[in-house]
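Structure first, commentary second.
Here, each number is a calculation from the coordinates, and none is a lab measurement. A quick note: this is a predicted structure, and the numbers were derived from the prediction, not measured.
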């Protein structure tokens with residue numbers, strides 16, 4: 001009886017190219033970022049196929065942003081950022 005490798009042990013059939021490493025999820029990338037105090041990051045237009053946002057913008061206190069869910073309504077970024085300690 002011959003032993004066949006399962007897909008979980010890392011074996012692959014002969015002649016099969018190695019798999020590329022999976023794309024890191026957004027949560028993993030944001031954990032690695034240095035902490036940016038006083039910034040609001042707005043992520044819009046997600047691409048489900050690649051699990052990344054196509055539109056990523058940073059705003060500071062003093063800026064105003066328009067709400068995607070309510071067009072025409074703007075909010076002051078300073079109202080959304082927690083106070084510095």
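Data for the structure
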quantity	calculated
Shape call, region 41-85: gyration tensor on alpha carbons, a/c limit 1.5	oblate
Difference of contour (0.36 nm per residue) and Cα-Cα distance, residue 81 to residue 55	7.3 nm
